[in-house]
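Visitor: Dropping the structure in here first, questions after.
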Amino acid sequence: MTRSGHGALQKKVAIERELEWSFIRKLQVLQRRMLAKQVWNQLVYHARVMVSSTPKWVKPPIRWVKANADGVIRVSDDAVACGDVIQDENDSRLFGALFDVPGKIFGNS
């Protein structure tokens with residue numbers, strides 16, 4: 001084989017390797033995208049299951065009352081609120097309150 005033939009062969013091999021690596025990189029990107037889509041679909045599925053399976057308020061037994069409390073934090077400006085309610089077996093609200101909590105929760109200025 002002549003020098004020019006050997007050089008051409010090396011160039012051809014180098015081009016083939018670059019094409020293989022290019023293909024492999026594209027395949028890896030595609031695999032990551034597919035994995036990301038699968039993860040996203042699982043998250044959406046689980047979020048839907050959680051929302052659809054959220055329990056409703058269940059009445060207490062006769063002559064009993066039920067107390068519920070909840071709270072919320074808005075991180076963007078440290079707004080905090082909480083509330084509670086007491087209800088009887090007829091869903092009559094015997095007591096309820098809503099409170100804003102003053103001050104900074106996360107120490108943001």
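Throughout, read-outs are computed from the coordinates displayed, never taken from laboratory work. Worth saying up front: this structure is predicted, and the values here are computed from it rather than measured. A quick note on method: Cβ atoms are made from the backbone with ideal geometry, for glycine too, and the neighbour counts reach across all protein chains shown.
Visitor: Would you pull out the residues with amide H under 5 Å of Ile73's amide H, same chain only if 5 or more places away, H placed 1.01 Å from N?
Guide: none
Visitor: Can you give the local net charge around Phe95? Use residues other than it whose beta-carbon is closer than 11 angstrom to its beta-carbon, Lys and Arg +1, Asp and Glu -1. Please list the in-between numbers first.
Guide: Details: positive: Arg93; negative: Asp84, Asp88.
Its environment carries a net charge of -1.
Visitor: Report the full-extension gain for the segment Lys56 to Lys11: residue separation times 0.36 nm, less the Cα-Cα distance, to one decimal in nm. Write down the numbers at each step before the final one.
Guide: On the way: separation 45, 0.36 × 45 = 16.20 nm, distance 7.05 nm.
Extra length from Lys56 to Lys11 when fully extended: 9.2 nm.
Visitor: To continue, here is another question. If each residue of separation counts as 0.36 nm, what is the full-extension length gain between Ser92 and Ser22 once their alpha-carbon separation is subtracted?
Guide: Working: separation 70, 0.36 × 70 = 25.20 nm, distance 6.85 nm.
So the extension gain works out to 18.3 nm.
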